[in-house]
Amino acid sequence: AVLLDCVKLALESDETYIKHKVHIDAIFKSIGTGLDNPFNQAIRHVILTIAVCFEIGNDKVANSLGPLLKKLNDRRESHNFDNDKEVEYATGCAIKALGPEFVLRIIPLRDGPETINLERSWLLPVLKEKITNSNLKFFATEILEMATFCRKKSRELTQMKDVPGSHTYELLCNQFWALLPSFCNSPKDIKDNFKSVARVLGSVLKDNPEFRLSVMQALRKLISCSEDNEGDSQELGRFAKNYLPILLNIYMSPAKGSSAEGQRLAALETIQVYLTISEQSLREELFTNALQQLETSKDNQFQRESILDIIRALVLYQSSERIAKLFEDWVYPLCETVLEDPKKHKKAKKDISEQDTEGDNKKTELKYREKVKILEMEHKKAYRILEEIFKSDKECCKQFLKDNYKKIKKLLMSSLNKVADSSKAARLRCIEHLINSTPFLNAESKLLKSAIAESVICTKDINSKCRQCAFNLINSVGNVLKSQEGGMQAFVDMLTSGLTAPLPRIISATLRAIASALFNFSEDMGLSTVQSLLETVVEHMTNSNREVVAACMSFLKVYTKVLPTDVLAGSLPLIFKTLSAMPEDCKRHSRLEIGYFLTKMLRKFGADTVEKLIPQTDDVMLRRLRNIRKMDNRKKRQKDGQRDQSDGDSDTDMPIKGTSKTLEDILKDSDSEMEFLDDEEERSKPKAKKAKGKNQAWIEDDPENIVDLADVSASRKITATDPSRKQKATEVKAQKKKDGGFKTAPDGRLIITDDAFGDDGDDEPRPSGDIDTDTDDTDAEEEVDKKPSKLLKPGAKRRYDDILSVKSGKSGRSRASTVTVGSKYRAGGKGIHRPLGSAASVASGAGTEYKSKKAKGDIKKQGKHDPYAYLPLSRKNLNKRKKAVTSKQFKGIVKSKTKGGRIKKK
């Protein structure tokens, strides 16, 4: 707080800094002393404080902060230092505030002209993340030199067959080049020093594929950060004639592997960014060359695809006349090309097969597939070029759209059958742009009717982007018509006209389009229109086609979500009547949607109301409603129980206290809070996992003498053991010594169990209940300790009480409420020594005659019945998922019993 509120303000101006220079230097020096003690437990907080010093620092205090940074690095390089992350964070703050030149001068990466300090390579990721507002000159002189040295060293070690060393220096070289984009984050010297690295970057783009991504990212960052600086933009634009041909060659080269494909995409993105600052003559020249290459590459699919992408990037910077020529010669013909009907192709193939050989058939099939693939690609690229023209805000593009509106409209209103599947999304976006840019459209417009018809069909397309574009187009038509009188009714009529189609696919697509329109325009439609839509959809819910019924359920989901509760209540009788009348097959197929609807209605209107609306003949839906009701009630009870428990905890844990007015009251409150926290810690300790790498330490403080953490002798006062626990352990030890390790009853008697004596030759403790203390309050019983018994195998379902019943024929509670056989004390006399009711049960030892004296368990007695055990019955045994486990348990018991019976019969 002192650093941020005081020192930071003092560094804002030269006047205040000169005035407080002595104090500021003293503060930084004092903070640095916290790093002197090698055993300082507060080292983490000291480093974070130093990080704040770097954050508020600037060039004025660089000389004062240099020793702090040097000392910080020395501590990091010391033996057994565990706060590497904190040091990296503090160093990153220094890089961001004072620059990489300052940090690398204090912590140099090179020990000499021919050596790199590999132990300080941790600095490179920190530099990459934190460098900003730096100088390109520093990269060109220092970083580039180290990268060149590492590359040279790697090649030398490769020749010497030192593979690990060569790989190490190769990685270092890559890391140095990865710093380039960071140095291009708003550098200060683009105009003065970009020319010093421009040639190197160009040669790297040509000859070093491994560094291309870094160089292209750096160019994009330089262009984006120089938008507001005309001088920097002009300096970068001067080199466009050098960089753009290289980038175009990279994109036009076929990719071999995923990394090469990534470089191609990055090259196209860099081309698009660099064209924004290039000269107009260069753009026109590249556009002309691209059109020429497009004419000569009819048989090369990859080359045509690449050229069309480049034309899409260049077309935005051409005149309206050149764009019109491109549209006439290429875009319109490509969009109008009709794909060959596969049925006709199969028929032609059959006719050819009667005349040609098998090898010729394969060639014909291959040619057809390649032709279809090229046509689909060209369709998509042509529509993408048109989409870019629609999206552009440039005057040349707007003028072209204005001059060629009719032809573009005719193209976009053509039949959907002419469009390849991969082109549908781009085509729908073009139609949406055309509608938004066309004024005075009404419900009678052919463009809107054609757009609705096409978008409704595309809502069922397999491509998710195409579906999203279709819904967006429907919303655009609705936005155009909602402001006109009667427009919304006409919009609904356009949508519902598809319900008369003979194909279930078109009907389901229309229903989904209606649901989308209801979601976005429910308030504009009006209540009567919405009710009529519901009635229309309900008619199709009794359809036997699953696809249609699923679309109807989607509409119901939207209907219940957007409509107010009072309006929805009037529609429920019709909805439930129709749900009951649905075909059984469709009910099963849409059972999840029906369950969702029932749950939502139950929470909105209550189970009694919903149950009255369901026809009594629909037993399945009534049963589902009851099950949902039970589940909701169960969840509600669980929530109420948790809430009551949390309320109870809050009442007991946070008692209401009076307002503290004196210092003694405040200290008393703080002491009680600390005790409460200690108790909570003790309670939660068995559950919590011990965090790895977190060392806890306590200071043995004397109330009269304050511990000086900066003192070397302070480490003697630091202990890894909690002093309060040590004191508690001492008290417990003294108490054990006092009572001999046995429990004591309120009347002073020692409670000694059988386990205290042990059996002959058996050290393993025998399971037994806790002994109840003979107190006046006979109703207050201590809970029986439910420790797992070692008599059961892991995974067995028998409880501790069941073991007691097996051994003695008595329940766990009855055994826990009696005095053990080992205790021979009998109460007698008056007062606290009077005989109690529970003592009478000592003599009753039902089942004790079967107890073995030499081993655990029960034994048979001659002339008496066999000892028996009750099998515990639980509701968990009814669980179908655990049926196999439960059945095995009972089968084993029955098998052993029948086996014993057969032996007796023999």
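Given the conditions (1) surrounded by 14 or more Cβ atoms within 10 Å (Cβ to Cβ); (2) acidic (D, E); (3) outside any helix (DSSP H, G or I), and given that E55 satisfies all but one, which numbered condition is not satisfied? For E55, the exception is condition (3). Selection of first residues in the range 551-576 that are within 20 Å of E523 (Cβ to Cβ) and in contact (Cβ under 8 Å) with a residue 12 or more places away in the chain and of second residues that are surrounded by fewer than 18 Cβ atoms within 10 Å (Cβ to Cβ) and hydroxyl-bearing (S, T, Y), restricted to Cβ pairs under 9 Å at least 6 apart or on distinct chains, gives the following pairs, ordered by first then second residue: K557/Y596; A569/T609. For the range 459-471, what are the residues that are assigned to a helix (DSSP H, G or I) and surrounded by 15 or more Cβ atoms within 10 Å (Cβ to Cβ)? Of everything in the range 459-471, those that are assigned to a helix (DSSP H, G or I) and surrounded by 15 or more Cβ atoms within 10 Å (Cβ to Cβ) turn out to be C466, R467, Q468, C469, A470, F471. Of the residues making up the range 387-401, not a single one is surrounded by 13 or more Cβ atoms within 10 Å (Cβ to Cβ), modelled with pLDDT under 90 and not assigned by TED's automatic domain parsing to the domain that holds I462.
In this structure, is S450 small (G, A, S), modelled with pLDDT under 90 and assigned to a helix (DSSP H, G or I)? Spell out how you get there, then give the answer.
Numbers: small (G, A, S): yes; modelled with pLDDT under 90: no; assigned to a helix (DSSP H, G or I): yes.
For S450, the condition - small (G, A, S), modelled with pLDDT under 90 and assigned to a helix (DSSP H, G or I) - is not met.
The helices (runs of 4 or more DSSP H) located wholly in the range 581-644 that include 1 or more residues which are closer than 21 Å to A550 by Cα, at pLDDT 85 or above and not basic (K, R) occupy 584-589, 591-605. For the range 540-552, the set of residues classified as over 15 Å from A513 (Cβ atoms) and either touching a Ser or Thr at 6+ places or on another chain (Cβ under 9 Å) or modelled with pLDDT of 90 or more (or both) consists of M541, T542, N545, R546, V549, listed by residue number.
Which residue is modelled with the lowest pLDDT, if the candidates are limited to the range 856-906 and must be among the aliphatic types (A, V, I, L, M) and over 58 Å from the mean Cα position of the chain (by Cα)?
Step one: of the range 856-906, the residues among the aliphatic types (A, V, I, L, M) are 859, 869, 871, 873, 878, 884-885, 893-894, 903.
Those left that are additionally over 58 Å from the mean Cα position of the chain (by Cα): 859, 903.
On the way: I859: 76, I903: 54.
Looking at the filtered set, the residue picked out is I903.
Would you mention how many residues in the range 169-202 are under 18 Å from C150 (Cα atoms) and not β-branched (V, I, T)? Give the steps one after another, and end with the answer.
Pass one, the range 169-202, residues under 18 Å from C150 (Cα atoms): 169-180, 200-201.
From what is left, the residues that are not β-branched (V, I, T) are 169-180, 201.
The total comes to 13.
Is there a residue in the range 117-131 that is small (G, A, S), surrounded by 13 or more Cβ atoms within 10 Å (Cβ to Cβ) and in the same structural domain as C184 (by TED's automatic domain parsing)? Yes, the range 117-131 has at least one match. Right, A260: small (G, A, S), in contact (Cβ under 8 Å) with a residue 24 or more places away in the chain and buried (at least 17 other Cβ atoms within 10 Å of the Cβ) or not? When the stated conditions are applied, A260 does not pass them. All of (1) at pLDDT 90 or above; (2) out of contact with any Gly (no Cβ under 8 Å at 6 or more places or on another chain); (3) within 29 Å of K391 (Cβ to Cβ) hold for M488 with one exception: (2).
The test for being surrounded by 14 or more Cβ atoms within 10 Å (Cβ to Cβ) and not in a helix (DSSP H, G or I) holds for S186. Restricting attention to the range 518-557, the residues being surrounded by fewer than 16 Cβ atoms within 10 Å (Cβ to Cβ) and outside any helix (DSSP H, G or I) number 3. From the list D36, D25, the lone residue that is touching a residue at least 60 places away in the same chain (Cβ under 8 Å), surrounded by fewer than 19 Cβ atoms within 10 Å (Cβ to Cβ) and farther than 16 Å from G99 by Cβ is D36. Has the range 8-19 got any residue that is of a type in the set (G, A, S) and in contact with a helix residue (DSSP H, G or I) (Cβ under 8 Å, 6 or more places away or on another chain)? Yes - at least one qualifying residue is present in the range 8-19. When the range 153-175 is filtered for residues that are under 32 Å from the mean Cα position of the chain (by Cα) and of a type in the set (A, V, I, L, M, F, W, C), only L171 remains.
So that you can scan it fast, the table gives a plain yes or no per residue for (1) assigned by TED's automatic domain parsing to the domain that holds R505; (2) within 33 Å of the chain's Cα centre (by Cα):
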{"position": "R546", "(1), (2)": "yes, no"}
{"position": "V549", "(1), (2)": "yes, no"}
{"position": "K557", "(1), (2)": "yes, yes"}
{"position": "M582", "(1), (2)": "no, no"}
{"position": "L602", "(1), (2)": "no, yes"}
{"position": "F605", "(1), (2)": "no, no"}
{"position": "I614", "(1), (2)": "no, no"}
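As a summary of the residue check, L180 satisfies the conditions (1) of a type in the set (A, V, I, L, M); (2) within 30 Å of T270 (Cα to Cα); (3) out of contact with any Ser or Thr (no Cβ under 7 Å at 6 or more places or on another chain) except for the one numbered (3).
If I ask for residues that are out of contact with any Ser or Thr (no Cβ under 8 Å at 6 or more places or on another chain) and farther than 24 Å from A260 by Cα, which ones from the range 198-234 would you list? Across the range 198-234, the qualifying residues are S224, D228, N229, E230, G231, Q234. Given the condition among the hydrophobic types (A, V, I, L, M, F, W, C) and closer than 18 Å to R220 by Cβ, answer yes or no: does some residue in the range 294-305 qualify? The answer is no; no qualifying residue exists.
The values are calculated or read from the model by the stated rules, or taken from the named source; none is laboratory data. It should be emphasised that the depicted structure is a prediction, and the values quoted were computed from it without experimental measurement. When we count neighbours, we look across all protein chains shown, and the Cβ atoms used for this are built from the backbone with ideal geometry, even at glycine.
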